[in-house]
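Written below as structure tokens is the structure these notes are about.
The values are calculated or read from the model by the stated rules, or taken from the named source; none is laboratory data. Only a predicted model underlies this, so the values are computations on that prediction, with no experimental measurement involved. Cβ: placed from backbone, ideal geometry, glycine included. Neighbour counts: every protein chain shown. Side chains are part of the model used for accessible areas, which takes the heavy atoms of the whole protein and leaves out ligands, DNA and RNA. Shrake-Rupley method; radii C 1.70, N 1.55, O 1.52, S 1.80 Å.
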Amino acid sequence: MLLEIAIGDAYGAGFEFCPREKIVLGNTLEQYVPHGLGIAAGHYTDDTQMSIAVAEVLLADSDYSGNAFADAYVRCYKRDQRQGYARGLQGLLDLCRDGADLRERISPESRRNGAAMRSVPLGLIADKNLLAQAAREQAMVTHNTVEGILSSHVVALMSHALLYDKARLAELPDLILKITGFVLRDDWHDEVECDALQTLHAVNTALQANRCMSTLLLDCVNFGGDVDSVAAIAMGLASLAPEYVVDIPGSLLSGLELGQFGSSYLRQLDVALAQRYPVLGLQLQRQP
């Protein structure tokens with residue numbers, strides 16, 4: 001789960017809001033490419049780091065409170081400061097001592113996709129009422145808006161449906177509609193802004209159109225715009241779907257960053273999640 005999120009994030013980061021020409025020439029899956037603002041090739045961004053923070057809250061068996069999530073966001077950033085965050089949030093994280101400090105300083109009125117991008121691990125929560133609570137609490141820390149909270153809930157429910165309900169990919173939009181009333185589109189074709197609802201539509205469009213992780217990655221990047229968030233969510237969900245063929249190119253597996261919180265750490269965290277949430281076990285056996 002987290003490994004695939006990171007691969008989608010790191011690959012997409014090289015094409016985030018880049019000129020269309022770069023996508024046409026470079027979106028080949030042959031290698032990671034650097035981000036134009038200085039993120040090294042193969043390095044993941046805030047999408048993965050905040051997903052790690054959510055996973056660590058789940059492993060701590062906490063009460064899924066906003067305070068627990070806020071503490072995790074600050075802790076993960078402080079121990080491994082990296083680029084990719086929205087400028088305002090990164091500035092706050094640089095200043096804050098802990099989650100309480102973050103919550104005191106932040107104005108959480110964003111309708112962007114930051115709450116959605118870190119929500120795939122929330123699908124591990126078996127009880128749907130607790131899942132909804134966790135999605136709301138984690139979103140409210142930074143995105144206390146209708147769009148922010150809804151986007152987190154939708155991604156978490158898609159993850160949950162694949163894990164616990166063994167849902168087919170084609171069934172996901174109806175399941176989401178029944179629970180949330182939100183209509184997931186499968187015909188998105190425009191560039192994706194840093195927008196919660198656009199991101200949901202792009203993720204669903206790419207997920208429904210593909211059954212191989214390689215072509216899924218290509219399609220996520222081909223949208224243009226905030227493609228690292230789209231790819232991170234879509235790859236995380238695809239890792240939970242038996243319908244998806246795991247054909248991530250070896251160059252992307254070997255090229256993902258190493259280091260203390262790199263690929264080895266992500267694999268270890270996935271194993272720890274599978275031990276805590278056995279429903280993840282079968283999917284983890286498919287991990288490359």
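What tally of residues in the stretch 5-29 results from selecting those that are open to solvent by less than 10 Å² (accessible area, probe 1.4 Å) and either more than 30 Å from residue 163 (Cβ to Cβ) or of a type outside the set (A, V, I, L, M, F, W, C) (or both)? Residues that pass the stated criteria total 6. Look at the stretch 30-49: where a residue is in a loop (DSSP other than H, G, I, E, B) and open to solvent by less than 20 Å² (accessible area, probe 1.4 Å) and a partner is polar (S, T, N, Q) and modelled with pLDDT of 95 or more, sitting 6+ places away or on another chain with Cβ atoms under 7 Å, you get 39/45.
Can you pull out the residues in the stretch 87-123 that are out of contact with any Lys or Arg (no Cβ under 7 Å at 6 or more places or on another chain) and not in a helix (DSSP H, G or I)? Within the stretch 87-123, 97, 98, 106, 107, 108, 109, 110, 111, 112, 113, 118, 119 meet the criteria. So if I check each of 260, 198, which one is assigned to a loop (DSSP other than H, G, I, E, B), in contact (Cβ under 8 Å) with a residue 60 or more places away in the chain and not hydroxyl-bearing (Ser, Thr, Tyr)? Selected residue: 260, the only one of 260, 198 that is assigned to a loop (DSSP other than H, G, I, E, B), in contact (Cβ under 8 Å) with a residue 60 or more places away in the chain and not hydroxyl-bearing (Ser, Thr, Tyr).
Check the stretch 251-264 and report whether any residue there is modelled with pLDDT under 95, more than 14 Å from residue 14 (Cα to Cα) and surrounded by fewer than 24 Cβ atoms within 10 Å (Cβ to Cβ). Yes, the stretch 251-264 has at least one match. For the stretch 214-229, the set of residues classified as within 16 Å of residue 29 (Cα to Cα), outside any loop (DSSP other than H, G, I, E, B) and either open to solvent by less than 30 Å² (accessible area, probe 1.4 Å) or of a type in the set (Val, Ile, Thr) (or both) consists of 214, 215, 216, 217, 220, 221, 227, 228, listed by residue number. Could you tell me whether any residue of the stretch 96-113 is open to solvent by less than 50 Å² (accessible area, probe 1.4 Å) and under 16 Å from the mean Cα position of the chain (by Cα)? There is at least one residue in the stretch 96-113 that is open to solvent by less than 50 Å² (accessible area, probe 1.4 Å) and under 16 Å from the mean Cα position of the chain (by Cα). Exactly one residue out of 150, 130 is over 14 Å from residue 65 (Cα atoms) and open to solvent by 30 Å² or more (accessible area, probe 1.4 Å), and it is 150. Residue count for the stretch 129-171 under the criterion of being in a helix (DSSP H, G or I) and either aromatic (Phe, Trp, Tyr) or touching a residue at least 40 places away in the same chain (Cβ under 8 Å) (or both): the result is 19. Can we say residue 134 is under 22 Å from residue 96 (Cα atoms) and under 16 Å from the mean Cα position of the chain (by Cα)? When the stated conditions are applied, residue 134 does not pass them. Checking each residue in the stretch 235-250 for being of a type in the set (A, V, I, L, M, F, W, C) and either part of a helix (DSSP H, G or I) or modelled with pLDDT under 95 (or both) picks out 235, 237, 238.
Whenever a residue of the stretch 175-188 is in a helix (DSSP H, G or I), its partners that are polar (S, T, N, Q), lying with C-beta atoms within less than 9 angstrom and at least six residues away or across chains, give the pairs 176/204.
Inspection of the stretch 72-83 finds a residue satisfying the criterion of being in a loop (DSSP other than H, G, I, E, B) and touching a residue at least 60 places away in the same chain (Cβ under 8 Å). Taking the criterion of being in a helix (DSSP H, G or I), at pLDDT below 95 and open to solvent by 70 Å² or more (accessible area, probe 1.4 Å), the only residue of the stretch 277-287 that qualifies is 282.
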